[in-house]
1. Just to be sure I understand the model, the point goes 7 Å from the Cα along the line to the Cβ. What's the resulting Ser72 to Val34 distance in nm?
2. Once you charge only the Cβ atoms, +1 for Lys and Arg and -1 for Asp and Glu, what is the size of the charge dipole of the chain about its Cα centre, to the nearest 20 debye?
3. Measuring from a point 7 Å past the Cα of Thr7 along Cα-to-C-beta, which residues in the range 27-53 have an amide N at less than 17 Å?
4. Of Leu24, Leu112, how do they rank once you tally other Cβ atoms within 10 Å and put the fewest first?
5. Quick one: net charge of Val131's neighbours, Cβ under 15 Å, K/R +1, D/E -1?
6. With a point put 7 Å past each Cα toward its Cβ, work out how far Glu27 is from Asn138 in nm, to one decimal.
7. At a threshold of 8 angstrom on Cα-Cα distance, excluding pairs fewer than six apart, so keeping six or more, what relative contact order does the chain reach in percent?
8. Averaging the inverse of every distinct alpha carbon separation and then flipping it gives the Kirkwood radius. What is it for the chain, in angstrom units?
Amino acid sequence: MAKDYNTFTDVSTGDVYTAAAHNLLLENVENYRVPPSCRLERATGQVVYDASTATIVWDQEAWDTDTMHDLSTNQDRITIKTAGIYLVVGAVRYTAGISDDASITILENGTLVVRDEGGPANTAGGRTVSVMLNLAVNDYLQMQVYQNNSANTSRTTTSGTFFSAVWLGQAS
């Protein structure tokens, strides 16, 4: 459910401070105290095949203050319920092995927004990426990872793999 951020008009001398105005103000304070945000994680590793891209399917929520993720439908997405500016961060960690190159990508509505790539992601290495985005209600975010190694072997994500979005404020 989207959080509402109420706007207020200027007041003049003699205006009455009503209970309704007070309740709107309290709603804003509470929403700023606990802004829309979520952090998704993998309870178990997800296989990333050699020379392949995988969209991470999230099976655990560390928290979700605005019903931005559903554990049964579209498990690979963060869906925006409150419009505004968001800080989006993703990280992938892999099991031990040698990868000649690896990347992590954040997609908005299925379109690439930002990618961090390079190599090697040796041993228990990985990648992290972050971006600030102006998002509308029902925009969705996904995280994809890629790994390629000369041994032609799969790698598995490990603990430390996460995806998060935190509302920073309304766009002006």
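1. For the pair Ser72/Val34, the computed spacing is 2.3 nm.
2. Magnitude of the dipole: close to 380 debye.
3. 28
4. By the 10 Å Cβ count, ascending, the order reads Leu112, Leu24.
5. Every neighbour counted, the sum reads -2.
6. Distance between the two pseudo-spin positions: 2.2 nm.
7. Relative contact order for the chain comes out at 31 percent.
8. Evaluated on the chain, it is 17.6 Å.
Values quoted throughout were computed directly from the atomic coordinates according to the rules given, and no laboratory measurement underlies them. All of these numbers come straight from a predicted model, not from anything done at the bench. Neighbour counts are summed over all protein chains in view; Cβ atoms, including those assigned to glycine, are modelled from backbone coordinates with ideal geometry.
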